[in-house]
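Chemist: My structure is below; once you've seen it, I'll send some questions.
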Amino acid sequence: MVDIARDDDTIEIASPPRFEIGERVLSRSVVRNDGTYRGHDIGDVLVHKGSIGIVRSIGTFLQQFYIYAVEFTDSGHQVGMRAKELCTLDHLP
């Protein structure tokens with residue numbers, strides 16, 4: 001079995017989620033299919049940098065990170081993303 005690499009030691013779930021359900025967010029990076037998105041080949045672009053989406057649900061991964069299910073209306077894809085991959089559009093400073 002392959003070890004899962006954790007990219008940092010921060011336990012995000014010790015704090016409240018950064019985004020709320022229904023919040024508009026912007027993708028900070030391109031998201032490609034890693035093989036878990038049905039109907040698309042591995043490597044296909046699912047979300048382009050700058051795409052706008054809406055947080056539909058919030059889950060956790062590895063008892064460490066929040067995963068935000070974001071629906072991107074321009075592509076019709078719903079993709080799980082980490083907070084560091086998103087930027088809010090509803091609560092700008």
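The values are calculated or read from the model by the stated rules, or taken from the named source; none is laboratory data. Keep in mind the model is a prediction, meaning the values are calculated, not measured. Every residue, glycine as well, gets a Cβ built from its backbone with ideal geometry; the counts of neighbours run over all protein chains shown. When the accessible area is computed, the model is the full protein with side chains, heavy atoms only, and any ligands, DNA or RNA have been set aside. Shrake-Rupley method; radii C 1.70, N 1.55, O 1.52, S 1.80 Å.
Chemist: For the chain, just say rounded, prolate or oblate: build the C-alpha gyration tensor, square-root its eigenvalues into a ≥ b ≥ c, call rounded for a/c under 1.5, and beyond that prolate if a/b exceeds b/c, oblate if not.
Modeler: oblate
Chemist: Among Gly43, Gly80, Gly22, whose Cα projects farthest towards the positive end of the dipole of the chain, with charges put on the beta-carbon of Lys, Arg (+1) and Asp, Glu (-1)?
Modeler: Result: Gly22.
Chemist: At a 1.4 Å probe radius, carbon and sulfur cover how many percent of the accessible area of the chain?
Modeler: 52 percent
Chemist: Can you compute the charge dipole magnitude of the chain about its Cα centre, using +1 on each Lys and Arg Cβ and -1 on each Asp and Glu Cβ, nothing else charged? Give it in debye, rounded to the nearest 20.
Modeler: 140 debye
Chemist: Given a 1.4 angstrom probe, what's the average accessible area per residue across the chain, in square angstrom?
Modeler: Accessible area per residue: 68 Å².
Chemist: Using the Karplus equation 6.51 cos²θ - 1.76 cosθ + 1.60 (θ = phi - 60°), what ³J(HN,Hα) coupling, rounded to whole Hz, does each residue of segment 9-19 give in order, writing x for Gly and Pro?
Modeler: 9, 6, 9, 4, 6, 6, 10, x, x, 6, 10
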